[in-house]
Each structure stands twice: as structure tokens, then as C-alpha cells.
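A.B. asks: Dropping the structure in here first, questions after.
The values are calculated or read from the model by the stated rules, or taken from the named source; none is laboratory data. A quick note: this is a predicted structure, and the numbers were derived from the prediction, not measured. In this analysis, Cβ positions are derived from the backbone assuming ideal geometry, glycine residues included, and neighbour counts consider all displayed protein chains. For accessibility, only protein heavy atoms count, side chains too; no ligands or nucleic acids. Shrake-Rupley method; radii C 1.70, N 1.55, O 1.52, S 1.80 Å.
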Protein chains: 4
Amino acid sequence: MLSFENDYSRAAHPAVLDELANISTNLYPGYGSDDLCEQAKARIRKVCAAPKADVWFLVGGTQTNQVVIDAITPAWAGVVAVESGHPNVHEAGAIEYSGHKVLTIPHHNGKMDAGELDEFCATFYADGNFEHMVFPGCVYVSQSTEYGTIYSKAELQAIADVAHKYDMPLFVDGARLGYGLTATGCDMTIEDLAAIADVFYIGGTKVGALFGEAVVFTHHGDAWSGTPKHFLTQIKQHGALLAKGFLLGAQFDALMRDDLYFTIARNANVAADRIREALAAKGYTLTFEAPTNQIFVTMDQPTIDRLSQHVRLGFTEKADDTHTVMRICTSWATTDDEVNQLIELL
Amino acid sequence: MLSFENDYSRAAHPAVLDELANISTNLYPGYGSDDLCEQAKARIRKVCAAPKADVWFLVGGTQTNQVVIDAITPAWAGVVAVESGHPNVHEAGAIEYSGHKVLTIPHHNGKMDAGELDEFCATFYADGNFEHMVFPGCVYVSQSTEYGTIYSKAELQAIADVAHKYDMPLFVDGARLGYGLTATGCDMTIEDLAAIADVFYIGGTKVGALFGEAVVFTHHGDAWSGTPKHFLTQIKQHGALLAKGFLLGAQFDALMRDDLYFTIARNANVAADRIREALAAKGYTLTFEAPTNQIFVTMDQPTIDRLSQHVRLGFTEKADDTHTVMRICTSWATTDDEVNQLIELL
Amino acid sequence: MLSFENDYSRAAHPAVLDELANISTNLYPGYGSDDLCEQAKARIRKVCAAPKADVWFLVGGTQTNQVVIDAITPAWAGVVAVESGHPNVHEAGAIEYSGHKVLTIPHHNGKMDAGELDEFCATFYADGNFEHMVFPGCVYVSQSTEYGTIYSKAELQAIADVAHKYDMPLFVDGARLGYGLTATGCDMTIEDLAAIADVFYIGGTKVGALFGEAVVFTHHGDAWSGTPKHFLTQIKQHGALLAKGFLLGAQFDALMRDDLYFTIARNANVAADRIREALAAKGYTLTFEAPTNQIFVTMDQPTIDRLSQHVRLGFTEKADDTHTVMRICTSWATTDDEVNQLIELL
Amino acid sequence: MLSFENDYSRAAHPAVLDELANISTNLYPGYGSDDLCEQAKARIRKVCAAPKADVWFLVGGTQTNQVVIDAITPAWAGVVAVESGHPNVHEAGAIEYSGHKVLTIPHHNGKMDAGELDEFCATFYADGNFEHMVFPGCVYVSQSTEYGTIYSKAELQAIADVAHKYDMPLFVDGARLGYGLTATGCDMTIEDLAAIADVFYIGGTKVGALFGEAVVFTHHGDAWSGTPKHFLTQIKQHGALLAKGFLLGAQFDALMRDDLYFTIARNANVAADRIREALAAKGYTLTFEAPTNQIFVTMDQPTIDRLSQHVRLGFTEKADDTHTVMRICTSWATTDDEVNQLIELL
């Protein structure tokens, strides 16, 4: 059956699987202390134009959010995120499990507004009782967001400026970074991101890897962008240190070679653009305007019933009594043929 | 200087201090395993008409909220509260520190609406991804609320019914229980509360005691209202077990004798009613309509400046550019003379 | 360079890699809700002769210990383990991070003694202050242990009996389960293990998989052996839920086919037996008598210096001023040729 | 009935109760931001000859240990204590609840040995796997100890030196500080303690107060002795911030006046010395040699049976099949008459 259910439903890009096959008889030391990891880290530093950056490999997105946020947020503080942010909604309380509150502000099609962040912090510090409240301790955004939207360079810089004004690092969740940075209209490169964010990650799970997220502490030279002390121990403490770290090194080594990561990410956006065009032509209602691999469409029940006989679509929520928001999600692996079939069905 | 800043600015009611003086040369075993505690618990069971209730004494409100919520909420769940709820705003993240998320719904003058609670839970369980989200695990409300408002018996029963429908205990924060239950227009007695809530507490800190909150697990006979297993150990684990537990027993023994607790609580409401009347007469704007010991008034700056030379008022937040919400708070200890002085100043 | 450093230095068994290649173009739903996982679980239930067992797949060992122990241990309790137990020593405090104390008793070549466990618990409950102490809440042992030793069926049954006597589940860490159950002299099968333990795991990371541990709640029908409520949510809360759960299903499906898991595990023990024989013949001192894939040898410095020019050995600790304990570790991937080379060098 | 069960069985010294009575009609601001607290802190700084010291008031001992240890210990680290240390044994896992492991080394009559601490840390950092282990992050000792023994100035300085060598603060639990510093043979003053420790507390609960512990961050000018950032918020986050902080200020103000704290503490030691003398004369076996208010005696059952008809003794543990360790505990409130009665009974 055709599926546009999500972007983690296929194993990995052939180049990644080949790389794993190639190294499968080699012997490597454990926990990421191997040459493959070193090589992949060097590639990442280079593509980010961030020679001082410190790179770490983790397994999954929620895990990475939990480990990084816990490590960069002071004990007395929480993480500021938009209400629709993944750690606030779909991580089963992983942040609170680590002792921190998620402090929420409104989202705008999934995005944070720098001005509202500023107002939130200003209000906090102006409150006579702020010492009895949870301090804003770091800022979390994602690129692309939960709703497939993207930040412009100026928007992200503005958020970083506010974060720094209130002594907070800016953490960018890049579970879908490839899709964000290669979207039509995105004015930001990974170099830009590395220059703006204090820590971010390059998502592998959803962009060509079997699994894996590459966390980059950018080490701008300021107080926020350095690596948390004894970070390896903190990763282990969260149960997040992969024994065969070389598997992560191998995958990111393959993905970062010859621009593969961005090339395959772009494929998803191209496919999504074609679908968006078809949806528009056929009079469908897009729930959000967004240029990346996630398309949210508000459909009526007969349409859903008809489509669901032929194609699996993703996440749904009720829009009103007779309409539902459906997600069409492309990926690095989506083929022209699959897109054609879907368009035919629409 | 005159002060209406809060309801915990004086030590304790003379009867409480006398009781402590009376027992001061006696020897008691530790950690609440003494006769004074037993006697006070018996009085509480009696006044609540809840012969099976299990009573525990803790020191303060945030502590009690943290210990009770942590003990009654499953690991995979959070506590549902209104946005203005004390644990969500003014407990420095004590709930998240214990690993649980505070799941918020809107407040209405500080109160939770049973229908909205129902909708929140229904939406949660209708979401295809609910297993990736924080389950609603218990319900927290306060009587009286942060804004001095009170629940009617029917309103609280409706909330309890929804809580139970979704397999959650209802926990009622009674830091200001005396003020709530003796307010003009309150149609609920402590017997009613004990019949509706699964666990609640009788606040001592703000109603006549030096310190102390009496937690009542009501043991209705259903699954929610029992005492958490090894609760003493859980209290100790939170650092909340008072060595000289008999001090708590002695205070509640005094407060629960001859209706003292409610008598002195009523005093605060009578004083507040007189102030409200004067405010109305003088054209002040009440921020909320509320019948208990907390009066929120929206004042302009000249008024605030004038008053602040003679009287300390409480908690403030900006209403708009030229107005501020001020709190006038009476207590069990407020005298007629103090009220007269304040009214003169208004 | 030759390496006997550890048992997780090679990627995966060819059959596992083939399986991943075979499924690489298929589409699967996320988070383990796929057919591959179902199929692998069915195989595991069958090999365990435990038709009611509930199987879950996690990524790594420390993660599995943290998630399982946290889920099966009450809030007021800790996990009882021997002093040398992995969660007590080499998990960076992952158990304490989840709020539980590791309660330690002495080890005997890495093993727990049922009598000492009984005495520990009896002493605990006989202490007048036990409510001020951390309750023993579950029992953790590993098969094989940190020192390569194994429990007999009778020994493990005795530990289970004591655990149940004190109302605790028995959790068996099987990170090296294959090596334990196929060791010369082991009188226990995986069916026996499933009949004795309340929860255990089949380690994949060290026995042929890229990564992965299969957790088995045995569901004996008693109170201890069931699955913790909302376990998926608890896994997610720990950041431990793999998006592409089908990768775990695929690997265990391959490993559990045609007895592959045990066949390749046995290879490591055969290799280790040959090395042990050679060590004995050459007069080396074994630090522990143990029949599995880990050989601990107490060596003097000149020997270590000589060997380290040609072969990487594992974990070391000082035995005395002139001797060090070295670990020779074989694995499912160790070849005859590697063993021959090592024996030559000894 | 006569009782030597513990040192927290009476309410408070008359001077403390008088002070509370004297201030009972005054109005104070909340949370310790009052003049009484300021005054008490000034007295403590003076008696400690530590003008830069920062003083905080908490309610109880386990609470203080949890809050302070959590605040001064890095996320990746634990607290080093002797096996018999209170946080390791009798705090229901309050330290682990806050996420930190208690790293134990042997005790010698309740005391830590600086050399063994050094060896523990040296071994830790010499271990090739130390990044997978819990770092030693702070050092906890108590003065006097769980067994009533005391550290000499040189012993405590040696422990501080080792702690600092490994980048750890030294935290001294002074729940029984008065009894420790006024014991016969103690060569240390509170000035000495303030010069050696990085943080310590002056126990009120067991020495004349209703409740309360005064935490002193000594601010020696090095990295360890400063106040943790946003400590008030961290206290609140633990549920440990007393609303009526002025009650703590008032009590310590009374205790620190005219040397009252040490005068009444000395009373307990004098009483204990008399009892020890009588025990020796009558041929009893002291379990530990210790000069403070706790006397541990190994008794046979007939003796225990006889005594228990007339006097309550404290904490017991089995010494062997026919003997038990009993605790005779004097306090600031023990009278000559009580001592005479007890000696008569022995």
C-alpha cells in the first residue's frame, strides 16, 4: 500500500547501508572513540564552517532533546518553547522527567516569535515573585517546525539575540534539518545556523540514516555555545550512550560525503512541492502554508475515506465536526512514481 | 506600618502558642508517632465526618503539593491544573522537579471548569498519539483559589465526577481552606469536601498555625481516595518529614478544638467584606469578584503611591500601562482597628 | 591490529545485515508497531516456551536497565544488586538519575548469593527504622555476570524465591545472555530462565546485532512478572523509544531464526575455552574461574607490555603494585585465526 | 516515663519559646526576607568570625542534606560519604531522589578517614572507565557523627584538603553541631569549622529550637565555598522554603544570643559524661568510645527487659544473638534529676 505516513518508515539510504556493509568486519573501540566518528565530526565541522564546533552523536530525537536540554539548562530553570513544540507535546514528559519545566509561549504556524519571547522574559524578570517561579533557562526551537514551517535567518537571529539577552543558549532541534534548509525560500545555510545557534542537531533518523542525530555545540566563544562539562558522562547517565558509537560515525560519514544529506533531503521537498501544486489545482485546503516535506491538509470525511483505501496518511486531528487535519509526509526516499500515484488519487 | 500584604505575616493564634507552651516540657516520640498527632487526627476525622480518613501532617503548602501530587500521580502522568494554579506558577517547578508535568487548562477567575476538564481528557484519549504524551493522572484545584474565588459544592462535585471518569483522584489544595469554607455564599462544609475530594488539606500556615498543613486521604472506599503506599517513607524521601511531628499535632489539636479554625478564618472574611464594601463605596475597581480574604483591586499609580506610604499591600501585576493589580489580604489576625485604619486611607 | 578488547567492536552478524538490506525498501509504521516486531516477538515467546510473555525492544544495555528498573521499582524503593553489578558501577548513575538507590550486597566472583539476599532483606525489615530507609524493591542480577561467571538454575531459582518472599520482582540483565546460556557447564536454558525470572532481556548488542535488547516480561501469572502499566509511554519518557522500531524487529527476527543467536554465542565460548586452555598451559593466573566469553587474567607489567604491541586487550584494574587484571574478550565474531594468533603471542 | 530515646523529644528551650511569644503580634514579610532573619544571620557570621558567610535557614536535617547536596553537586556527580552516613542510611533515598548517587567509603566509629577518601578519588580517576562512572562531586561528613564521635581540627582539615584536591566542596552536617563542638576533648571551635568547611549547618532541631537548621556557605574566596546560584529558588523547588521564615530567624536569634546554643549543648554532654561514668562503674560495655550526647551500649536481653520497664531508650540493632546495641541519648533539656534516675536504674 502507498504510504505518506511519516518520514521514518524506511530503513536507510543505500549509501548508508553500503557504508555499514563495508565496515562490518572491522574492529572498533566503543562509545564513539573511533576513527569513523572522528572523520564524520570533521566533515560536520567543515560543512558548518565551524572549526571549533564539538560534535556528538545520539540515537533519537526525543532522547537528544532530553539530554541536551537537561545538560544546558540550570537546575532552577526550564526550557522556553512554543506550545506546539515537540518536547511540550509529544515526548511523554521526557523534559519534566529530567526535572525541568517546559515554559510555553504561543506558536505561529509552529514558529516562535522573537518579540513574544522577549516579552515573556521581560515579564518574568519584572514579576516581584520571580524567585518563586521557574526561570527561563534555554530556548528551544525546531527547524523545520512541527508544522513544516521554517525560520528565516533574520527570524532565528532575532530569537538568538533575545535568548542571549536573558543569558540563555539557543538550542535548535534539527530532526528535520535537511528538509528545512533545502526548502524553497529558505534563506539560511547550515553555516548560518552554526553561526546563530549555540547548539543544534543534524537529524539523521528522518533524513537517510537508520538512526542517529548529530549534536553540534558551536563554540562561538561565548558563554552559551560551549560543550556541557562531562557531557559523555551525562549522556551515559541518561542511558543514551550507544556502545557501538562507530555505527553513528559511519552513517554520518556517509551522509556528509558529497553533500548527500542535503541532496536527498531536497528530494523530499521537491516531491512535496509537486503534491502541494496538485492539491492546489484540485481545490484542497492547506492547513498551514509550509515549504518542507510535511503537508497538512484539512479534509472532509468522504475524502479521507476514499483516500485511506489506497494510501496511508499520517497524524490527524479534528479541525471541526466534519473536517480533519491530515498529514502527507514525503521523505528522502519518496519516488516520483509514489508521487504520481498519490496525485492520481487526490 | 499597617500591613495587608499577606496572610502569613504573623506567628500564630494565641491558643496555638499556649498549646505549645503547655506541652513544652513533655517528652514525645519522633516523626508524628505521638499522642498529640493521634488526638488531632481524631478531631479532623470527626469534623470531616470521615471516620476512615487517614490524616498526615506536613509543614508547608508547596511541600504538600509536591509530596501529595508525586505520590498520587503515576510515573507516566501529570497533574491537571488551571493555568493560574499555584503548582504551575509559584512553586519554582517543584512538581516538575518530582518528574511530573503540570497539564494546564484555562482558569476562570482562578477556577477550573468541569466541562473543560472533560474536554481536555476526551481530546487526550481521542488523540492517536496519546501514548507519546503525558497522561492526565490527577486533578488539582484549590479552595479558595489563587484569586480568592470559591467552588460551589456542585462545581466541585462535577470536577470530581470528571476526574473519576478518567481514573484520576481529585486533590484539593486547602492552604486557605478556612477562608474558603467560611466565605459568604459558600454552600460547602468540610464534611462535603471530605465526601467529594479524594485527598485535600486543611491549611494551617495561613490560618492560625505557626506552620503546618493537615493532609486528609478520605478513603471513600474507591480506588482513588486511599493513602499512597508507604507514604511516610515517601514524605521522608522528599525531605518533608518533621522530626518533632508532635508540634504539628499540638497545633492542629488546638485549631480543631471548639471550632477555632473556622471561627478565626471567618474573622478574615468579615474583615475583607468590610473592606470590599468600603472599596465599592469609594469607587475602586475590583479585579475579581471573590468572597474570601484576598481582595484584588486594579489601582492607578497615584493611588498606589499614596497608599504605600501608610500600608503594605501585596502581590502586584501590571493591568495596563497606567494600572496595577494590588492585593489586599486579611487574615485570622486582622483587627477591627487595622480595618478601620485601612478604610480611612482608601 | 588483533583485538580482544570487547564484544561490541564489530557491526553485526552477516545474517542481521542481510535482513536489514532485504527490508530496506519496505515501508513500516513507527515505534515498533510493525509486523517485523510482531514476528520477532512471536519467535522469542516460542524459544522461551512462554506464550504469555510480553516482549519489548530497546536499544542498549544501560538504557534497558534504567527503563526496566525504574518501571518495576516502587517510588519508595531501590534495586538490590551486588557491588560489582553494572548499574552500581558502570552506568554513570543512570539508576539514581531515575530516583532510585542501588542497594548493594557483596558479590562472589560477580554473583549474588540467595542467602545473603535473604539476610539483607530480613535485616531491613527487622530494623525499627526501616520506614526511614530505602526499601528493597526489585532484585537485579546478570547472566552471565560482569566477571563472566554464571548462575546455575538452582542458584537463580533460590534468588527468585527470596525476591518473591519479600515482594520483589527478579530482573535478569542478559546483555551477555547468549554467552551465559551456551557456556560449558551451564545447566539452564532460556526456557528455564523465562520460568524463573520475572523480567529479563536477550542482549543483542553484544551477540550479533548492530544494537538492541529484547526485554521479556514473563507473565507467570503472579504479581511481579507482568508488564508495567503504559510501558510504551514510560520508554518514551526516558527518551528510549526508537522511531524505526522495525530495525529492532528485523534484527531479532534474524537472530531468533534457526537458533542463530545461540549458535553464534557458542562460538565465543569455544574460542574462550581454547584461550583458557592455552593460558593454563603457559602458566598464566586466571583472576576468576569463569566459563563464558570474558577471561580475566592477572598479568605482570612486562607481559602486558609485550602483548600490547600486538593485541588490544580490555578493561584493566590494578591487582597489586606489580600486577594488573586484564580482560580477554571473545565474541560471536571471533575467528579461529584470531584465536591462533593470540595463543601464539601468549 | 523516663526517656533517653532521642534529642528531639521536647519542644524548645524556654528562651526560644519566649522569643516566639514576644514577636507573635508583629507583622513580618515572608520567606525569610525579614529583620529577624537578618539579625540572626549577623549573629552567626559573628560567632563564626566569617564576615562574608552567607546564611540560610531550613526546617529539618534530611531536607537540608537533600537541598544542599543537590545544589553543590554537579549533575554528573555524587556525594562521597561514609557507609554509616545519615544520607546513605536514614534519609529514605532523599539524595537519590534528587538524582545523585551516594558514593560510600568505610567508616571508623562513624568517621571518614582522609587517607581513604584520597585513595577512593585517586582510584576513581585512575580507572580507564571513569567517564562511565559517577564522579565524586562533594564530600559529606557530620560533626558529631551518627555514632557520637567527633573529628579533630586536624582530621577535618585533612578531609577538606583532599576534597579540594579533587575539586569538591566539603559539606559538614551539623545537626548535632552543638554537641560536637562542646564535647570534652573537642579541639575545634565554630570559627575553626567555618574556616575549614565550605558549607555546614548549625542544627537547631536537636539543640534547643522547635525546628530549624542554619546553613552557612562560608565564602572563603575559593570556588567551592560560595552560595549556589539562585539558591532561594532551588530551596523552593525542593518544597523547602518556609513561608514564615521569620520563625527561623527568631529562633536562631535567640539561640545565638549570649552563647545560649553552646551553653545548652554543653549540658547534654555533661549529662552524658555522668552516665558514661556510671556505665563504666557498673561494668557495661560501650559500643563506641564517643564524647558527645549519644551513648551506644551493648546490652544483653535481661538488662534491656529490666530497663525498658522504666525508661525509653533509643535506636537498637542486634549485636549478636544475645546482645543488642542500645542508644542512650541526652539533650539540651536533660535534667540532673533524669540523669540520677537513670543511673539508679542501670
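A.B. asks: Hey, can you tell me all the residues within region D:1-12 that are more than 9 Å from chain B (Cβ to nearest Cβ) and not hydrophobic (A, V, I, L, M, F, W, C)?
C.D. replies: So in region D:1-12, the residues more than 9 Å from chain B (Cβ to nearest Cβ) come out as D:4, D:7.
Across region D:1-12, the qualifying residue is only D:D7.
A.B. asks: Let me ask something additional. Which of the residues spanning region D:20-39 are open to solvent by 30 Å² or more (accessible area, probe 1.4 Å) and within 22 Å of B:D18 (Cβ to Cβ)?
C.D. replies: Answer for region D:20-39, where residues must be open to solvent by 30 Å² or more (accessible area, probe 1.4 Å) and within 22 Å of B:D18 (Cβ to Cβ): D:A21, D:N22, D:T25, D:N26, D:L27.
A.B. asks: Just checking, which of D:S98, D:S144 is of a type in the set (G, A, S), open to solvent by less than 20 Å² (accessible area, probe 1.4 Å) and more than 19 Å from the chain's Cα centre (by Cα)? Spell out the reasoning first.
C.D. replies: Numbers: D:S144 fails: more than 19 Å from the chain's Cα centre (by Cα).
The unique qualifying residue is D:S98.
Residues are listed down the side, and each one gets a yes or a no for (1) in contact with a helix residue (DSSP H, G or I) (Cβ under 8 Å, 6 or more places away or on another chain); (2) modelled with pLDDT of 95 or more; (3) of a type in the set (A, V, I, L, M); (4) open to solvent by 10 Å² or more (accessible area, probe 1.4 Å):
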site	(1), (2), (3), (4)
D:F200	yes, yes, no, no
D:L210	yes, yes, yes, no
D:I235	yes, yes, yes, no
D:L242	yes, yes, yes, yes
D:G245	yes, yes, no, no
D:R257	yes, yes, no, yes
D:D273	no, yes, no, yes
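A.B. asks: While we're on this one: For C:E83, indicate whether it is closer than 20 Å to C:N65 by Cβ and acidic (D, E).
C.D. replies: On the way: closer than 20 Å to C:N65 by Cβ: yes; acidic (D, E): yes.
Answer is yes for this residue.
A.B. asks: So A:D187 ticks every box in (1) open to solvent by 40 Å² or more (accessible area, probe 1.4 Å); (2) touching a Gly at 6+ places or on another chain (Cβ under 9 Å) but one. Which box is left unticked?
C.D. replies: (2)
A.B. asks: Quick check on this structure: which one of B:N109, B:N129 is outside the structural domain of B:V325 (by TED's automatic domain parsing), within 21 Å of the chain's Cα centre (by Cα) and open to solvent by 10 Å² or more (accessible area, probe 1.4 Å)?
C.D. replies: Details: B:N129 fails: within 21 Å of the chain's Cα centre (by Cα).
Just a single option satisfies the conditions, and that option is B:N109.
A.B. asks: Here's something else I'd like to know. Considering region D:275-299 alone, what residues qualify as being open to solvent by less than 60 Å² (accessible area, probe 1.4 Å) and in contact with a His (Cβ under 9 Å, 6 or more places away or on another chain)?
C.D. replies: Hits for region D:275-299 are D:T298, D:M299.
A.B. asks: Mind checking which strands (runs of 3 or more DSSP E) fall wholly inside region B:270-322 and carry at least 3 residues that are in contact (Cβ under 8 Å) with a residue 40 or more places away in the chain and within 20 Å of B:L177 (Cα to Cα)?
C.D. replies: Details: elements: B:294-300, B:311-313, B:316-318.
Per the criteria, B:294-300.
A.B. asks: Can you tell me how many residues within region D:216-245 are farther than 20 Å from B:G245 by Cα and within 13 Å of chain B (Cβ to nearest Cβ)?
C.D. replies: Going residue by residue through region D:216-245, those that are farther than 20 Å from B:G245 by Cα are D:216-237.
Narrowing further to those that are within 13 Å of chain B (Cβ to nearest Cβ): D:230-237.
Summing the residues that are farther than 20 Å from B:G245 by Cα and within 13 Å of chain B (Cβ to nearest Cβ) in region D:216-245 gives 8.
A.B. asks: Right, another one. Give me a count of the residues in region C:175-197 that are under 21 Å from C:H86 (Cα atoms) and touching an Asp or Glu at 6+ places or on another chain (Cβ under 8 Å).
C.D. replies: So the answer is 3.
A.B. asks: Please give the helices (runs of 4 or more DSSP H) falling wholly within region B:177-269 in which 2 or more residues are without any contact (Cβ under 8 Å) to a residue 60 or more places away in the chain.
C.D. replies: On the way: elements: B:177-181, B:190-196, B:231-237, B:246-255.
Fully inside region B:177-269 and qualifying: B:190-196, B:231-237.
Residue by residue, here is whether (1) of a type in the set (A, V, I, L, M); (2) closer than 30 Å to B:L241 by Cα; (3) modelled with pLDDT under 95 holds:
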residue	(1), (2), (3)
C:A81	yes, yes, no
C:S84	no, no, no
C:I95	yes, yes, no
C:V102	yes, yes, no
C:H107	no, no, no
C:G110	no, no, no
C:C138	no, yes, no
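A.B. asks: Scan region A:6-14 and give yes if some residue there is without any contact (Cβ under 8 Å) to a residue 40 or more places away in the chain and closer than 21 Å to A:A209 by Cα, otherwise no. Give the steps one after another, and end with the answer.
C.D. replies: Here is the first cut: in region A:6-14, the residues without any contact (Cβ under 8 Å) to a residue 40 or more places away in the chain are A:14.
This time we only want the ones that are closer than 21 Å to A:A209 by Cα, so: A:14.
Scanning region A:6-14 turns up at least one residue that is without any contact (Cβ under 8 Å) to a residue 40 or more places away in the chain and closer than 21 Å to A:A209 by Cα.
A.B. asks: Which of the residues belonging to region B:171-223 are on the phi < 0 side of the Ramachandran plot and in contact with a His (Cβ under 8 Å, 6 or more places away or on another chain)?
C.D. replies: Scanning region B:171-223 gives B:D173, B:A175, B:A195, B:D198, B:A209, B:D222.
A.B. asks: Which members of region A:40-69 meet the condition of being surrounded by fewer than 24 Cβ atoms within 10 Å (Cβ to Cβ) and of a type in the set (G, A, S)?
C.D. replies: Across region A:40-69, the qualifying residues are A:A42, A:A49, A:A50, A:A53.
A.B. asks: Looking only at region C:19-56, count how many residues are under 25 Å from the mean Cα position of the chain (by Cα) and within 28 Å of A:S331 (Cβ to Cβ). Spell out the reasoning first.
C.D. replies: Step one: of region C:19-56, the residues under 25 Å from the mean Cα position of the chain (by Cα) are C:19-20, C:31-32, C:36-56.
Of the ones still in play, those that are also within 28 Å of A:S331 (Cβ to Cβ) are C:19-20, C:31-32, C:36-41, C:56.
Total satisfying the criteria: 11.
Results for (1) outside the structural domain of A:L247 (by TED's automatic domain parsing); (2) within 20 Å of A:T227 (Cβ to Cβ); (3) among the aromatic types (F, W, Y); (4) out of contact with any Pro (no Cβ under 8 Å at 6 or more places or on another chain), shown as yes or no for each residue.
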position	(1), (2), (3), (4)
A:A53	no, yes, no, yes
A:T64	no, yes, no, yes
A:A71	no, yes, no, no
A:C121	no, no, no, no
A:F124	no, no, yes, no
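A.B. asks: Residue by residue through region D:70-85, note down the ones that are surrounded by fewer than 23 Cβ atoms within 10 Å (Cβ to Cβ) and polar (S, T, N, Q).
C.D. replies: D:S84
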